[in-house]
Structures are given as C-alpha cells and as structure tokens.
Amino acid sequence: MKTIGRLLTCFMILACAPVGLAATEHGADKAATHLQSTSVSHFGSDDRPPNIVFIMSDELAYYELSHMGNPHIRTPNIDRMAKQGIRYTHALAAAPVCAPLRCALMTGKHMGHASVRANGGGTPLRSDETTIAALLKQKGYATGGFGKWGAGGRDSTGVPEKHGFDVFFGYYDQVHAHSFYPPYLIRNSEEVKLDGNIGGRSGKTYSHYAIMDEALRFIRENKDRPFFCYLPITPPHGMYDIPADDPAWQLYKNDPWVKDPSIADDVKNYAAMVSMVDHNVQQVLDLLKELDLEENTIVFFTGDNGGQDRFRDPQHPRGFFGPNVDPKTGVEFRGGKGNLYEGGLRIPFIARWPGKIKAGQVSDLLFYQIDVLPTLTELAGAETPAEVDGLSILPSLLGADVVGHAQQEHPFLYWEFGPQTAVRVKNWKGIRPKPKADWELYDLSQDPSEQHNLASQQPDMLKQMKKFAEQSHQPVRPGTFTTEVRHQRDRQAKWGTAKQPAKPAGRKPGKTNRIKEKNRVPADQVKLVRASSENRGNGRLARHAIDGDPQTVWHTQFSGGLAKHPHSLVIDLGRQRTIEGVRYLARQDNGWNGAFGKTTFSVSSSPDQFPAPVLTKTFEKTRGVQSANFDRPVQGRYLQIEVLSEVNGEAWASAADIGVIEK
Ligand SMILES: [Ca+2]
Ligand SMILES: [Ca+2]
C-alpha cells in the first residue's frame, strides 16, 4: 500500500507541478498537493513520517544571533545548528506583530485572508479554520504546543485544543504572557497554578522553565510515534526577567558591558534571555539524540516578527543590540516591529535534519511564514487545504530531486497591517504606509534600506502590485467568544496581585520627558564649572546633565575606579540671576542607576565658595520631571548640586537633564 501511495504521489506531483510554475498555474499546484491527502510521507523513516519541532522565539531578531555578527549576544548552539543545517537570508514574517503572524503561521493564509489581523491579544481563529496541528493530527501525529498561543483567548473559537493540539501549555493571551511569574499558566483552557507566584516581575516559579519542561516531556512521551512539537516560546519578549542563577549568565561573566552600571538591567537581561533560548534549542537537540530520533526529526528555529529597536540611546540610535543593523556592514533595515518595511518583517529562520538537510547551506529563497503549513503537510504526507496561500519550501530544504518537484516561488507576497499595505514581487517591494498616502516602491536588491523610492520610475510594476493588493484583501472575519470572563482574568494575571509599578506621571512607554518650562535658564546660557566625576569610558559626561537634551546622560565614574557619594556639579548660569528652583529629569532609558535620591542645592556669587544649602530634596523614582522649589527666590550666578544618595541605594549619580528656573 505504502509503495503504491508513494509512486502515486510522485507521479501526481511530476504531472501537475512542472518546474517554474507561473502565477496562473498556482491553482493547478494546489490540486496536486490536495491529491496528496491520501498519501503517506515518503520523507521519514520506513515506519513513520518525520517528527517536527518548530521553535519560534518571540522577538528574537535577524541580527541578534552571534553567527550574524552581533557583538554582544552569544548564541553558540544556534550558531552550530545553522552550520549543521540550512539558514535562510530572506525569510519574512507574515505580519509584523505577534497575534496576526501566529494566525497566519497556523493557517497558511496571508493577511488579506487571515482571521486575526489585530494585535489585541485575544482575537480568535474561527471554528471552521484548519491549522497545521489539525492536519498533522489527521496523519496520526501527536500534537503539542508550548509557549504563547495568541490566536484566541479562553472560551473563544480560537483555542488551540479546538484547532488540532492534543495539548497546549503556556499562555493563550499575549498580555498574560508579559509576565514570567504569573500566578498560573493554561493547559487546554484550564489553569495550572505556578507555585509562589503572584504576577509581575518576580516570584518563585519562572514560567518559561515550566513551559520547556513540559515540551521536553511531550517529546519523551511521544518518542514512539510521529509528533509535532510547536514551541512559540516567549523569551526574549519583555518583561525582561530571567533568574539570576540561569546558566545563560555564565556566557557573559567576563563581559565589561555587563558590568557597566550605566547600562540598564533590562538590556543585560535581554541578552541573557536570548542565550537562555539558545540553551533551550540545545536541550531539544540533546534530547532527540538521547532518544535516537535525530535522523527522523526536522527541527526549525526562527523568530516571530522583525526586530524592535529597543534600548535606544544616543550611542545606539537603532537600539542597543542593533536588531535591524548588519553589524558587519552597517547596512540597516528600515523600520521595525509593527511596520511593513523590511525591519518589521525580516526574521531568522534555520532548519536542521541530519542526513536529510545538507549541512552548511545558506539560502536566499524568498518566503514567509504562511509557507510553513504547506511545507509541513508535504513533509508529513498530509492534506494541504485549498484555501492555503502558502507554498511548500520542502524542495529548498531537502533538494528538488528528493522531493520530486522544483522549488516554486510566489508570484507575489502580500501584507496588510492596520493602515499599511505591502506587496513584494521578487526583489521589488511596494508599500503604502497609510490609506491616503502614495505607494512607495523599492528595489531591495539595490536598496535594502528602502531609501530610494522608485515609484515614479516604475509605474507598470506599481500598477501590477496595486492589482495584487486589491485581489488579495478580503474583509476580516474573526472568530467569537462565548464569554470573555476567563480571557479577561488571564489578562489581569500579568500583574495578578503583585504591585504594579505606578506609571510615572505623563510618561507613556517609549516616551521621553522634557523640562519645558518657559523660565528655565536656556541650556545655551549655562556652563559646567566642575563635576566631582564623570564616566568617560562610555561618554556619560557631566556636561550632558545641563545640555537640555533628555537623551544624553551624565553618570558618575565607575570604570577605572568607582566614585562614591557625595557627587557634585557646579553650574555657571552666565550672569547673576534670581532663582526659584531647579528641575531634575532622571535618565529616560530603562535604567535607574544613578537616579538622584537625597540632593542639596546651594547658590553663590562665586564658583569657589558656597553657603549652606538653600534646599535639601529627596527625589522619587520616576522618569517624569521633578521640581525642587526654593522657599523663596535666591540671588546668585553659581549653583552647586550635591547628590547624597541614589534611589536604589547604590553608589552612583546620573542625570538626563537639570534645568534652573528663574523668577
Ligand atoms: Ca512578537
Ligand atoms: Ca542631557
């Protein structure tokens, strides 16, 4: 039976899908793959189709792996995996954010057909939709998902156990997934308590460890039958928390930047979280080896959406780790997570299968996440539903001769997200950033940073793209909830009963505060007389405290000797003035190191002698502008600021901006 099935499959593929299918023949190819539904996989071992492990790290960006040249982050295991298998340079997300791309990945449908197109967190798949897991389950696969689902909250039509997963353990809702210490996780819509957790940023049970444990157990328990292990794991997505004793820290113990107190803890945690993921990848590979499953298991490692320029500062305008900047050439991808420029879409994508995928390959095949479904169904000998927009990349993975047909390419790729629309035709990208904006057109082979708009020079290309976009978009039809009570409870579980840090007044995430008052002595009339110390090693100079720019920071010395309290600044106001008070702005990045605690202010007519302080003020831990108002106006030209303590009780002082207020 099996032999006949194989022969039939080969015949049908050869008959229906000749090399180099044109756009109009796409339908014929679908018929061919559809006919495979009765077939068996001829890619696994004799007695069973191959196991599939698909690891997708949330937010891990294209240039955040060490084999891509990242100077800070260490990923030795993923680097080795890439060498042992194939690495893709033009793998793209199907959407630039979590929820829609998870929907697209699972259903094989692009954004014009997807049921989840918003990133609210709980929008569900419809009950009539088919997923990778459901199709593989029909072929006898054990199906397990571990991590963040994001394609339907509890009590909706989109829950994973109604979409082919025997088990899904982790987070259903994306807000829930922000905490690594939630009071509970979800298994098949039921709550699984996590010991000692109340939500927020600390607790006893690190959720990701529980999720990885369950995934590894799933592989072990299903070692004697084909399995699909889907691992949409949440690290390094924030909140950026990782236990201090995680083995990942070992990789960084000698790195000067990790010891630099002026670099925020979240930045260091992010790197360690990526290395934790790297360790997890090796755990999976080690387990497959131990179970003697390596040669019948294909393992994928990828990111979910394009990189976000997080942890930006003046020295790192595209983010501390440069997720969208090639560290070898400096060439940048435009944009990032959330938009349809290349920065929002380019993802790492690696596959390894000893003996089946030739080692050391780098492929520039252009494809996107909707192609995963048809790839896995072809691999498993499962049906590919007719409504699927993706194309199998199996020939690229295993070789056209092995698969029995050539690698097909998309006549075009399509995206929409909120007001944005984009179309890709080979090296050409058309993008309309908002409905009323003009289309832009870029030749990515010459212009990977999307800087030179060729729309006016290539009207025919753009006309064709607009047509593709028009024919691709259908109105969205999401699934439904029977009740949102448990879904809302999951969203609340992010903070649980933990104290949610008060949002500093007037500061939205990512917003930079400024001292804006009209009677501030203008920054260009103020000069630094002296400072007790400054850290030159990383350019955190004392003059940055009074330059009027909230992005530049003064930090006291820590490299080449640690300077301790009291720290002081003496400022020349240019002439005798009547001073009412001072405004202090703590650093606006994610760090708190050096934020002023107890501070005194003295005013004098001489830079060398100061009377007793006119005011002693203890500042709070906030990014907002803080006032230190004198009891009554004081005359003088020079201001001395003495910092006696830091908000966290550490040894340093730092300031993003200090403004002197005149009467
Ligand atoms: Ca994401
Ligand atoms: Ca500054």
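Residue 522 meets the conditions (1) within 16 Å of ligand 2 (Cβ to nearest atom); (2) in contact with a Leu (Cβ under 9 Å, 6 or more places away or on another chain) in every case but one. The failed one is (2). Of all residues in the range 413-437, those that are within 24 Å of residue 388 (Cβ to Cβ) have Cβ atoms under 8 Å from Cβ atoms of residues that are part of a loop (DSSP other than H, G, I, E, B) and among the β-branched types (Val, Ile, Thr), 6 or more apart or on another chain, in 417/97. Within the set 448, 459, the sole residue that is modelled with pLDDT of 95 or more, surrounded by fewer than 12 Cβ atoms within 10 Å (Cβ to Cβ) and not small (Gly, Ala, Ser) turns out to be 459.
Say whether the condition of being β-branched (Val, Ile, Thr) and touching a strand residue (DSSP E or B) at 6+ places or on another chain (Cβ under 9 Å) is met by at least one residue in the range 493-505. For the range 493-505, residues β-branched (Val, Ile, Thr) and touching a strand residue (DSSP E or B) at 6+ places or on another chain (Cβ under 9 Å): absent. Just one of the numbered conditions (1) more than 19 Å from residue 654 (Cα to Cα); (2) surrounded by 18 or more Cβ atoms within 10 Å (Cβ to Cβ) is not true of residue 575: (2).
If the condition is being away from ligand 2 (no atom under 14 Å from the Cβ) and either surrounded by fewer than 17 Cβ atoms within 10 Å (Cβ to Cβ) or aliphatic (A, V, I, L, M) (or both), then the range 532-563 contributes 536, 537, 559, 560, 561, 562, 563.
Applying a threshold of 7 Å to beta carbon distances and a minimum spacing of six or more residues, or different chains, the list of pairs starting in the range 650-661 at a residue that is part of a loop (DSSP other than H, G, I, E, B) and ending at one that is surrounded by fewer than 24 Cβ atoms within 10 Å (Cβ to Cβ) and of a type in the set (Phe, Trp, Tyr) reads 652/558.
The values are calculated or read from the model by the stated rules, or taken from the named source; none is laboratory data. In this text the structure is predicted, and so the values were computed from the model without any measurement. Don't worry about glycine lacking a Cβ; one is built from the backbone with ideal geometry, like all the others, and counts go over all protein chains shown.
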